[in-house]
Amino acid sequence: MATSNTTNLGIPIPVPGSSEPFLVSAYNNAVETLDGAVGMRVVTFGTRPGSPFVGELIYETDTLTAHVYDGSGWPELGGSGGGFETNFLLMGA
């Protein structure tokens, strides 16, 4: 089956017009990839993702800070007002 990969997570998806069936193993792989990417990845400053996608969330256990990748860097979530815990709770998590 002809597939292409999604931009952010690299999940294989069937190419429109492809005549072969989508294999169960390919579906399972896509689900596992998505399951691993949902939520916030727990890392340290030194183990930040090497190939992040824009909007990827991480929590650093050594600095106790949360960050979001903006395409060029990892600004801290929460900025200068209220801190991460307050902002995270206000978002309904």
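Since every read-out is calculated from the coordinates, none of them should be taken as a lab result. Worth saying up front: this structure is predicted, and the values here are computed from it rather than measured. Don't worry about glycine lacking a Cβ; one is built from the backbone with ideal geometry, like all the others, and counts go over all protein chains shown.
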Once the Cβ-Cβ distance between Glu76 and Asn28 is put in as r, and R0 is 35 Å, what FRET efficiency do you end up with, to the nearest 0.05? 0.45
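Given a Förster distance of 22 Å, report the FRET efficiency between Ser51 and Ser18 from their Cβ-Cβ distance, rounded to the nearest 0.05.
On the way: r = 27 Å, r/R0 = 1.22.
Between Ser51 and Ser18 the formula returns 0.25.
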